[in-house]
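Below is one structure, written out as structure tokens, with a few remarks after it.
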Amino acid sequence: MSQLAQQLVNGLMIGCLYALIAVGYTMVYGIIELINFAFGELFMFGAFITIMMMSPDISLFGQTVGMPHLNFFLAIIIAMVVVGIMGVVIERLAYRPLRNAPRLAALISAIGVSILLQNVAQAIFGSQQVPFPDIPLFTTALGAPKAFSVGSVEITYFQVFVVVVTVTAMLLLNLFVQRTRMGRAMRASAQDKSTSALMGVNVNKVIAVTFLIGSAMGALAGGLYGGVYHSAWPLMGFNPGLKAFIAAVLGGIGNIPGAFLGGLLLGVIEALGSAYLPLGSQYRDAIAFVILILILSFRPSGLLGSTVSQKA
Amino acid sequence: MARTPKDNQTDAQPSGSGGYRAKLNPIASAMTGGGSTRSTRILLAVLLAFAVILPFLVGSNRWITLMTVVVIYVVLASGLNIVVGFTGLLDLGYVAFYAIGAYYTAIIFNNVLKVKYGVDLDAFWWLTWINFVVGGLVAALAGVLIGYPTLRVRGDYLAIMTLGFGEIIRILALNWVGLTRGPSGISGIPQPAILGYHFTTQKSLYFVGLALALLSLWAISRIVRSRIGRAWTAIREDEVAAEAMGIHTSRYKLLSYATGAFFAGAMGVFFGHYLNYISPSSFMLMESFLILSLVVLGGMGNLAGPVLGAIVWMGLQEWLRDVPFIQLHPETRGIAMGLVLVLLMVFRPQGLLGSMRVKLEMRPGSKDEAEREREVWSDAGS
Amino acid sequence: MINTTRKLTLALVMVLALGFAAVALAACGSSGDSSSSSSSPAAAPFKVGLAAPFTGDYATYGASHQAGADIAMAELNAAGGVNGGQVSTELGDDLGDPKQAVLVAQKFIDDSSILIVDGHMFSGATIAAAPKYQTAGLPMISPSATNPDITSLGSFIWRICMTDAVQGKGLADYSVSTLGKKNIAIMYDSSDYGRGLADAYASGVTAAGGTIAGKEQYATGDTDFKAQLTKLKGKNPDLLFLSGYYPEGAKIAQQARELGMTVQMLGSDGYASDELPKLGGAAVEGMLVSTFFDYTKADPAVQKFVEAYKAANNGTNPDWFAANSYDVIMLAAQAAKNAGKNDRTAINDALGSIGTYQGISGPITFDANGDVQKPLSIVIVKDGGLVTAPQQPTP
């Protein structure tokens, strides 16, 4: 029984991270219907920049360079800003020119950006895993993670922090999308770009803001992920990016609460599946896909997605 | 589509990729998706000549190996082109069929014959050739099985489902150690042989591959220009209308998956016998993305597109390997390749040989009226 | 407009095809000889092909591999080269993937100035590439591929590391007899290395009288191990054996601690690197690690290598991949010196008759297959470094 509880806690943890990235994916998809394959790399840069800001120095291009040595919270906010801007730049250069081109062109462009960013990161940070500095608030003097137990279930302070941050981010984002003017513009553009443009919405600006926020979420997820797993490496974004995409689709792509739900669900199912199914841990990734296929078979537009009519 | 007479130097008439019976060589006319002009035929002849003669001119095996790899990817890209380019189904799990063909032949030769029955593999040289077809058929069957659940799903949901299937196959190969030997892979797959003559040199293996490729391309061009191909194009252009016109879209979609899978499976068999060794790491998700990139890069819905895409990409990749700066900093090769991909897409989104007319029905919702107009009337490049 | 575009594209295609052909033809003239063109035939350069993952997920291993090779190269060149020829290396990036390994093999084979291959590092890549080297008669010495089948692939295929079967048994005896552990849990990597070693270890443990509390698998590249660890925690093991590589190992240790597990951990040779404490931090303190190379060993040859390595690599200590890579090149150089000439076949023959070569990773004696017997050492993570463990396996 306590095993189950522990596994649930584990699953919730990963689920929150998936949820954060999934939301970034789904926001972008909702507006320009692009599977942003480069998103995992933005997540990765978020982790690296957080590390950079937190360390006293870091090896860039093989040279040791002095760094601000800030605290974690400031570092991650900086990472969010920087990666947000990166996202906007990428959109401007690699996706906007293709907005009226065949859909696949933008997809392949995204793949190209992904390859590019992975290798740029490798050129800058090297190919080895870079350790994530200990966060004093969450680490004991001996270097162990601060944790508490509920029964025989161990929960670390940082895990709690991740959950709190995720939920807060979701709530704030939801508020933004539902209550602000920009949010309304975003929802309108997601529904129908040209009509929104006719209504006076600056669609280009809306898309840029979407990328800004979505990428910032990705960076937040990356910084937290780095903290949870204590390291960052250039190829770390591929798998989480893929999982997040699955989560977004699970929840109904383009649907923000759906992405959140999908992420949590995926995390928990993965954890429970690998714990309780025979050979579960080996086939863990396959479990995610099987769940996806099953759900899509019965609800072709995802859990919270609306069934869109084929033709106008 | 208007064509000025001077461009049409033969009695063939222009046609869309959807099909028009050309009076000339079907490959030539189908290849460019447009009219078969003399310049096209010359081009094809030149390419074919290069393909055949180059191995004899080039001294080093390394380039022959590269050409063999190119040939494999040409067929893979062409096969995926059937599903993505002609039928408009975004398949992101294509590499699974390639894997199925490869594992099929590996398991037959290694697990069954060698281990279980202990026979001398030499005596079974004929099985290799049969396996090209059988492996293809096994993959085709998988294509149907995988395609079936995707029938109800549209656009990007379809994409992720196919991606899921592709990954499931790979994860199975990785973990079902009893069958596939897991990450260790299966080695000892015999090289192709005919009646005692073994294809052991790079050159001879290349020609086997080339022969397979030419056969495959010919078959693909015939299928695409038949009624089936026309049905596929109809499905791509407007599925609802196609259904209304009496085309059983489900059946044709499954056929599309199966056909695409067949060629991937056949090449998988060749890959196994060429390398004498296969492992799950050759069938990663990135491969599916790569093959898709080749199709888009070259130009979709167009038979020559994937061919060119494969040649350009593989050639560039290998050529870059030798650049001194890149020798010192290997990760810059990836940067260059990524950059090339993005730039090529931004500046030529229809692909090198593509026509703007080809569109892909991928999203479930409605389209902009203006966009629709532009597509119907656009004539750029076709 | 249609016609020009069509013509342009056709022209583009022809240009590309011709360009490709031109490059190929150019390549046929110079079959990759970019090395020195010394006039005197006696000073044939001693060029080594380094086959390893230099980019991608496993680039860390390639970096060590190259760093070790560079030390050997510098040392040999400072002493006047091999048989008068300067030592140089050529990189072949196999990304740890068999398909790439074959392309690398082809490249090395075609370059006639390459006399020997130091690599490949991973078993999968080695198995794919070895038959090519064998057919072409290019000797290949792997510093780290442990799959038992490898050396049976031919007379030109050698390795200087222990196989999984031997290491597994050795560690099992160490765990049960020397450390006195009875209820042992195993977490293993699904690669042929991790799995093979775990299997050998498990049967060794049962043979020595211990019990296996549980065996959990993970994949190289995984980041979350809590599911498996939670399961093992419930079995109350007194030792946790980790069979795999250090990137995952560091996380496994951290997550085990986060789950409140205080069990003693024993890592396989893939963990023997300073990267382990660097990535693992406090969580890996006290972890025992099996290694083929102990950089704190008070042997003058070992320390000379360590000093040179640290000087060239920002003070980092060498891991056994670097040490074995160094040994491969020094061994090959010795074979070439014994043969008296820088030639592929001569070197291969000389390897066969080299007897016992004293490498910094231990004495190297090839058996009939091309395998070696090496002693096993155990180090312990202490204060961010790896030092000789208090208890060593009985030889």
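Among the criteria (1) closer than 13 Å to residue B:76 by Cβ; (2) buried (at least 24 other Cβ atoms within 10 Å of the Cβ), the one residue B:273 does not fulfil is (1). Here residue B:78 passes the criteria (1) of a type in the set (S, T, N, Q); (2) more than 14 Å from every other protein chain (Cβ to nearest Cβ); (3) surrounded by fewer than 24 Cβ atoms within 10 Å (Cβ to Cβ) except the one numbered (3).
Of all residues in segment C:48-71, those being within 14 Å of chain A (Cβ to nearest Cβ), assigned to a helix (DSSP H, G or I) and over 22 Å from residue A:239 (Cβ atoms) number 5. Consider segment A:280-300 and keep the residues that are at the interface with another protein chain (Cβ under 7 Å from one of its Cβ atoms) and at pLDDT below 80. The one that is nearest to residue A:249 (Cα to Cα) is A:300. When segment C:149-173 is filtered for residues that are within 14 Å of chain B (Cβ to nearest Cβ), closer than 16 Å to residue C:130 by Cα and not in a helix (DSSP H, G or I), the ones remaining, listed by number, are C:149, C:154, C:157.
Here residue C:378 does not qualify as in a loop (DSSP other than H, G, I, E, B), on the phi < 0 side of the Ramachandran plot and surrounded by 13 or more Cβ atoms within 10 Å (Cβ to Cβ). For residue B:364, indicate whether it is facing another protein chain (nearest Cβ under 7 Å), modelled with pLDDT of 75 or more and in a loop (DSSP other than H, G, I, E, B). No; evaluated as a whole, the condition is false for this residue. Do we have residue A:97 as free of Cβ contacts under 8 Å to residues at least 12 places away in the same chain, out of contact with any Asp or Glu (no Cβ under 6 Å at 6 or more places or on another chain) and either surrounded by 23 or more Cβ atoms within 10 Å (Cβ to Cβ) or more than 14 Å from chain C (Cβ to nearest Cβ) (or both) here? Against the criterion (free of Cβ contacts under 8 Å to residues at least 12 places away in the same chain, out of contact with any Asp or Glu (no Cβ under 6 Å at 6 or more places or on another chain) and either surrounded by 23 or more Cβ atoms within 10 Å (Cβ to Cβ) or more than 14 Å from chain C (Cβ to nearest Cβ) (or both)), residue A:97 qualifies. All conditions in (1) within 14 Å of another protein chain (Cβ to nearest Cβ); (2) modelled with pLDDT of 85 or more; (3) over 22 Å from the mean Cα position of the chain (by Cα) hold for residue A:156, with the sole exception of (3). Restricting C:163, C:220 to residues that are closer than 26 Å to residue B:281 by Cα, buried (at least 21 other Cβ atoms within 10 Å of the Cβ), polar (S, T, N, Q) and in contact (Cβ under 8 Å) with a residue 60 or more places away in the chain narrows the list to C:163. The single residue among B:36, B:29 that is more than 9 Å from chain C (Cβ to nearest Cβ), over 25 Å from residue B:136 (Cβ atoms), at pLDDT below 80 and part of a loop (DSSP other than H, G, I, E, B) turns out to be B:36.
Among residues of segment A:111-127 being facing chain B (nearest Cβ under 7 Å) and either hydrophobic (A, V, I, L, M, F, W, C) or within 30 Å of residue B:301 (Cα to Cα) (or both), the one that is farthest from the chain's Cα centre (by Cα) is A:123. Residue-level check: of (1) in contact (Cβ under 8 Å) with a residue 12 or more places away in the chain; (2) under 22 Å from residue B:162 (Cα atoms), residue A:216 misses just (2).
Considering A:85, A:21, A:108, A:76, which residue is modelled with pLDDT of 90 or more, more than 11 Å from every other protein chain (Cβ to nearest Cβ), more than 21 Å from residue A:247 (Cα to Cα) and surrounded by 24 or more Cβ atoms within 10 Å (Cβ to Cβ)? Walk me through it before giving the result.
Values: A:85 fails: surrounded by 24 or more Cβ atoms within 10 Å (Cβ to Cβ); A:21 fails: more than 21 Å from residue A:247 (Cα to Cα); A:108 fails: more than 11 Å from every other protein chain (Cβ to nearest Cβ).
Sole residue among the options that is modelled with pLDDT of 90 or more, more than 11 Å from every other protein chain (Cβ to nearest Cβ), more than 21 Å from residue A:247 (Cα to Cα) and surrounded by 24 or more Cβ atoms within 10 Å (Cβ to Cβ): A:76.
Consider residue B:347 against the criteria (1) over 20 Å from residue C:103 (Cα atoms); (2) touching a strand residue (DSSP E or B) at 6+ places or on another chain (Cβ under 9 Å): it satisfies all of them except one. Which criterion is unmet? Of everything listed in (1) over 20 Å from residue C:103 (Cα atoms); (2) touching a strand residue (DSSP E or B) at 6+ places or on another chain (Cβ under 9 Å), residue B:347 misses just condition (2). Among the strands (runs of 3 or more DSSP E) confined to segment C:181-266, the ones with at least 3 residues that are within 14 Å of chain B (Cβ to nearest Cβ) and closer than 20 Å to residue C:167 by Cβ are located at C:211-218. Need pairs with beta-carbon distance below 6 Å; first residue within 7 Å of chain C (Cβ to nearest Cβ) and crowded, with 23+ Cβ neighbours inside 10 Å and within segment B:54-66, second charged (D, E, K, R) and in a helix (DSSP H, G or I); sequence gap 6+ or separate chains. As it stands, the answer is B:62/C:107; B:62/C:110, since those pairs meet every condition given. Residue count for segment C:72-86 under the criterion of being buried (at least 24 other Cβ atoms within 10 Å of the Cβ) and either assigned to a loop (DSSP other than H, G, I, E, B) or touching a Pro at 6+ places or on another chain (Cβ under 8 Å) (or both): the result is 1. Within segment C:282-301, the set of residues being within 14 Å of chain A (Cβ to nearest Cβ) and surrounded by fewer than 24 Cβ atoms within 10 Å (Cβ to Cβ) comprises C:282, C:285, C:286. From the list A:267, A:218, the lone residue that is within 14 Å of chain C (Cβ to nearest Cβ), buried (at least 24 other Cβ atoms within 10 Å of the Cβ) and within 27 Å of residue A:75 (Cα to Cα) is A:267. Tell me, yes or no, whether segment B:102-123 has at least one residue that is within 13 Å of chain C (Cβ to nearest Cβ), more than 17 Å from residue B:309 (Cβ to Cβ), of a type in the set (Gly, Ala, Ser) and in contact with an Asp or Glu (Cβ under 9 Å, 6 or more places away or on another chain). No: segment B:102-123 contains no residue that is within 13 Å of chain C (Cβ to nearest Cβ), more than 17 Å from residue B:309 (Cβ to Cβ), of a type in the set (Gly, Ala, Ser) and in contact with an Asp or Glu (Cβ under 9 Å, 6 or more places away or on another chain).
Filter segment C:87-101 down to the residues that are in a helix (DSSP H, G or I) and either acidic (Asp, Glu) or under 15 Å from residue C:52 (Cβ atoms) (or both) and list them by number.
So the first thing to find is which residues in segment C:87-101 are in a helix (DSSP H, G or I), and the list is C:98-101.
Listed by number, the residues that qualify are C:98, C:100, C:101.
Examine segment A:191-208 for a residue that is crowded, with 20+ Cβ neighbours inside 10 Å and at pLDDT 90 or above, and state whether such a residue exists. Yes, because at least one residue in segment A:191-208 is crowded, with 20+ Cβ neighbours inside 10 Å and at pLDDT 90 or above. Please verify whether residue A:261 is at pLDDT 90 or above and crowded, with 24+ Cβ neighbours inside 10 Å, treating the condition exactly as stated. Answer is no for this residue.
Filter segment B:95-133 down to residues that are closer than 22 Å to residue B:197 by Cβ, in a helix (DSSP H, G or I) and over 18 Å from the mean Cα position of the chain (by Cα), then give me how many there are. So that I can check it myself, show each step before the final result.
As a first pass, look at segment B:95-133 and keep what is closer than 22 Å to residue B:197 by Cβ: B:105, B:108-109, B:113-114, B:119-133.
If we keep only those that are in a helix (DSSP H, G or I) as well, we get B:105, B:108-109, B:113-114, B:121-133.
Subsequent filtering for residues that are over 18 Å from the mean Cα position of the chain (by Cα) retains B:105, B:108-109, B:113-114, B:121-131.
The number of residues fulfilling the criteria is 16.
From the list B:141, B:92, B:80, B:163, exactly one residue is modelled with pLDDT of 90 or more, in a loop (DSSP other than H, G, I, E, B) and either among the basic types (Lys, Arg) or touching a helix residue (DSSP H, G or I) at 6+ places or on another chain (Cβ under 8 Å) (or both). Which is it?
B:92
The values are calculated or read from the model by the stated rules, or taken from the named source; none is laboratory data. Worth saying up front: this structure is predicted, and the values here are computed from it rather than measured. In this analysis, Cβ positions are derived from the backbone assuming ideal geometry, glycine residues included, and neighbour counts consider all displayed protein chains.
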